[in-house]
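> Would you mind keeping the following structure in view while I ask a few things?
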Amino acid sequence: MAETGSLPVHIGIIMDGNGRWARQRGLRRSAGHRAGIRAIRQAMSAADEAGVHCLTLYAFSTENWSRPRYEVATLMRLFEETLQEEVDELHQNGVRIRVIGRRAQLSARLRRLVADAEARTAGNLKGQLTVAINYGGRAEIVDAVRSLAGSGVDLAALDEPTLEGALYTAGLPDPDLIIRTAGEMRTSNFLIWQAAYAELYVTQTLWPDFGAADLRAALAEYAARVRRFGGIVEGR
Ligand code: FPP
């Protein structure tokens, strides 16, 4: 199987470089994260205009708790504020919101906002916005196996579709394209199962500077690649 010249159905984004963006301007890191929210709005509307309606954003990893306490607190407050401010418009636009990751460590307020946003938008079909908070790909696989074991599945007979159905992302298509900003060439425990065949696109642009033109450049690069899914491509 191979596809050329196509549009990804699902894009995952590793939003990196907020801290560097802030440092370059003599600002606190929290200002970089605030600027990162503006970039999310731009990326979402550019993706929508291009015809891509499924986005997953890596907002906070299981490793991010080791950041300074004030920065973690700022990020958590930003998640709360942003969810509260954006959910009406996303709902009006027919976007289904989901949050993936381990919720138990999130504040009761954030958990409530997440549950409300998910419940309100559960029936929306025009777009899907998934936000990874306290997310780690390895933790996700461990959680999936634990939940299967807890529900009595015979683990000795476990197969890929069954495991997939127990991941946080059950029901979402696998990402076709993973975009990483700020230059690092790694996937950092993001969607490690789901992105097994995803195309990677790394840009030097720092996340707060990522705009519509950057998204279009990533889509153009994706369209130019040939996806082989482990097979061979005739005539090459
Ligand atoms: C990485 O930059 C960015 C983060 C760890 C946080 C990203 C979060 C946001 C943009 C807010 C998202 C909010 C919602 C509701 C989705 P970094 O701080 O690691 O940058 P650096 O590598 O330059 O230090």
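The values are calculated or read from the model by the stated rules, or taken from the named source; none is laboratory data. Computed from a predicted model, the values in this text were never measured in an experiment. With ideal geometry, Cβ positions are generated from the backbone for all residues, glycine too; neighbour counts draw on all protein chains shown. Just the protein is used for accessible areas: all its heavy atoms, side chains included, with ligands, DNA and RNA removed. Shrake-Rupley method; radii C 1.70, N 1.55, O 1.52, S 1.80 Å.
> What would the Debye equation give as log₁₀ I(q)/I(0) for the range 17-165 at q = 0.12, 0.19 Å⁻¹, counting only Cα atoms as equal point scatterers?
So the normalised log intensities are -0.60, -1.25.
> Can I ask one more? Note down the magnitude of the dipole of the chain about its Cα centre, charges +1 on Lys and Arg C-beta and -1 on Asp and Glu C-beta and zero elsewhere, to the nearest 20 debye.
960
> If you average the C-alpha positions of the range 44-60 and of the range 148-198 separately, how far apart do those two centres end up, in angstrom?
19
> Right, next: Order Phe79, Phe60, most accessible first, counting only protein heavy atoms with a 1.4 angstrom probe.
Solvent-accessible surface, decreasing: Phe79, Phe60.
> Place +1 on the Cβ of every Lys and Arg and -1 on the Cβ of every Asp and Glu in the range 151-221, take the dipole about the Cα centre, and give the residue among Ala217, Leu206, Ser151 whose Cα lies farthest towards its positive end.
Towards the positive end, the residue furthest out is Leu206.
> Related question: Can you list the residues, at least 5 places off or on another chain, whose amide H is less than 5 Å from the amide H of Ile178, using H built in the peptide plane?
Counting only residues 5 or more places away or on other chains, the set is Gly12, Glu199, Leu200, Tyr201.
> To the nearest 20 Debye, how big is the dipole of the range 75-200 about its Cα centre, given +1 on the beta carbon of each Lys and Arg and -1 on that of each Asp and Glu?
For this selection, approximately 440 debye.
> Val99's amide H: which non-local residues (gap 5+, or another chain) put their own amide H closer than 5 Å, with H modeled 1.01 Å from N in plane and none for Pro or chain starts?
Distant-sequence amide H within range of Val99: Val131.
> Taking the DSSP beta bridges in the chain as the whole, what percent of them are antiparallel, to the nearest 5?
Counting DSSP beta bridges with both partners in the chain, the antiparallel share is about 5 percent.
> Along the range 12-20, what does the Karplus equation 6.51 cos²θ - 1.76 cosθ + 1.60 (θ = phi - 60°) give for ³J(HN,Hα), rounded to whole Hz, x for Gly and Pro?
Karplus-based 3J(HN,Hα) across the range 12-20 equals x, 10, 9, 8, 10, x, 4, x, 5 Hz.
> Show me the three semi-axes of the equivalent ellipsoid for the range 1-59, from the C-alpha gyration tensor (sqrt of 5 times each eigenvalue), largest first, rounded to whole Å.
After scaling each eigenvalue by five and taking roots: 29, 12, 9 Å.
> Then there's this: Taking amide hydrogens as modeled 1.01 Å from N in the peptide plane, which residues meet the under 5 Å criterion relative to Asp16, leaving out close sequence neighbours?
The list, which skips near neighbours in sequence, is Thr181, Trp207.
> Counting only Cα atoms, I'd like the Rg/Rh figure for the range 96-236, Kirkwood definition for Rh.
Across the range 96-236, the Cα-based Rg/Rh ratio is 1.00.
> Let me ask something additional. How large is the helix-only mean residue ellipticity at 222 nm for the chain, computed as the sum of -39500 (n - 2.57) over DSSP H runs with n ≥ 4, divided by its residue count, in deg cm²/dmol to the nearest 500?
Per the formula, -13500 deg cm²/dmol.
> For the range 183-196, in order, what is each residue's ³J(HN,Hα) by Karplus, 6.51 cos²θ - 1.76 cosθ + 1.60 with θ = phi - 60°, in whole Hz (x at glycine and Pro)?
3J(HN,Hα) across the range 183-196, in whole Hz: x, 6, 9, 9, 9, 6, 6, 9, 6, 5, 6, 5, 9, 3.
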